[in-house]
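See structure below.
Bear in mind these aren't lab numbers, they're just calculated from the coordinates by the rules spelled out. Being a predicted model, the structure only gives us computed values, none of them experimental. A quick note on method: Cβ atoms are made from the backbone with ideal geometry, for glycine too, and the neighbour counts reach across all protein chains shown.
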Amino acid sequence: MRRLFFAVLILLFISSISFAANIDISASVDRSDIEFGDTIQLTISIRKPTESQPMTQNFSNGFSFSFNSMNFSSMDDVDFNIESIPDFDIIGRSQSSKTQIMNGVGESVKQITLRLVPQKIGTLVIPAFSMKDKDGNEHSSKPINVNVKKPAEDPDDEKESTATTSSSNETPTQNSSENSELKKNNDIFKFLLIIGIAIVLVLIAIIAFANYLGAKSREMQNTTNKVEDTEIVNKETKKEEKPVQKEEVEEVVFSSIVASLKVQYKEVNNEFYRKYFEVFKKACCYRNKALSQDMTFDELLNKCSELAGTNNITQATSRLAFDIETVMYANSMPNRQLIKIASDIKEVLNSL
């Protein structure tokens, strides 16, 4: 009986220590080094001991002991209401709660999981999350550093950088001669381009003038016709008229138009990106009749993601939506390189 008495005292002592534990709040991410445009998963956990209720146990020898009985209640009083996190966009969330028992000690755990997309490049800080218990004591997690790097360069970029390095090792005389030759080639190209444009304009003017002369000739011929033949001429004219057909959507050759834009804009600026994204919108509408020019860019990209139904296209349209919003509405240059944007656009167009 004495052993039982000491065992009960030990259990009560351990239980009192467990319930004296403070509430613990912690935060963690699945990875701390990512590339711009990738997503990370942030998990916030709150743990607290379960509440207890006093009970009394009577033994046959007359002794009576009071101890606490655990009441495993849920953490419904804890509210996760995280609307925003600095330098990150929240694109998904989930929440769970559970109660568990370990070594006779009860614990309630509540978690929220957030999917985040960084808004810029650099070392970003996810701040500490704080809450107060019923006694007014504040509990906080630790801040988390996330290193957001530039996207890795494509092999084409590496080739260009290698070519630049090798050219820098050449002698000044070689550089000078090459620069003069390059300038000469550019002048020839500009001259040929101007000649080509002039020829096209002349052809357009000739065709327009010929159509004008033809229309005048037909008008004079109709005027000289006899009055009695007017009805016959009208009937024949009506027979010759063809029914108006619905204008088909002109095929958009995306790569050719983009090549023309690059020639037109020697420097890739905000105006270039505006026209670039407008051409992308036309190309999408041509490839799939479910898309329309009347749609906003957000509606268009959401529809593209819905039509493709794959996770890769969903991520690509999400990144493009951020780039287009930066250019069209913030009137700024996108954070990503043009080659990365072009890769996502090509993937979306191929899915249509």
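Neighbouring Cβ atoms within 10 Å as the yardstick, rank Tyr276, Tyr329, Tyr265, Tyr286 fewest first.
By the 10 Å Cβ count, ascending: Tyr329, Tyr265, Tyr286, Tyr276.
With a cap of 12 neighbouring Cβ atoms within 10 Å, and only residues DSSP puts in a loop, list the GluC sites (Glu not before Pro) found in the stretch 257-352.
On the way: sites: Glu267, Glu271, Glu278, Glu299, Glu306, Glu325, Glu347; in loops: Glu267.
Those satisfying the criteria are Glu267.
How long is the gain from Lys142 to Lys346 if the chain were fully straight, where each residue apart is worth 0.36 nm and the alpha carbon distance is subtracted?
Difference between extended and current length: 69.3 nm.
Is there a pair in Lys190/Lys281; Lys150/Lys281; Lys282/Lys346; Lys120/Lys150; Lys48/Lys132; Lys262/Lys340 whose C-alpha atoms are over 18 Å apart, and which pairs would that be?
The pairs that break the limit, which is 18 Å between Cα atoms, are Lys190/Lys281; Lys150/Lys281.
With 5 Å bins from zero, work out the P(r) of the stretch 254-351 over every alpha carbon pair and list the percent per bin.
Going from the shortest bin to the longest, the percentages are 2, 13, 26, 27, 20, 9, 2, 0.
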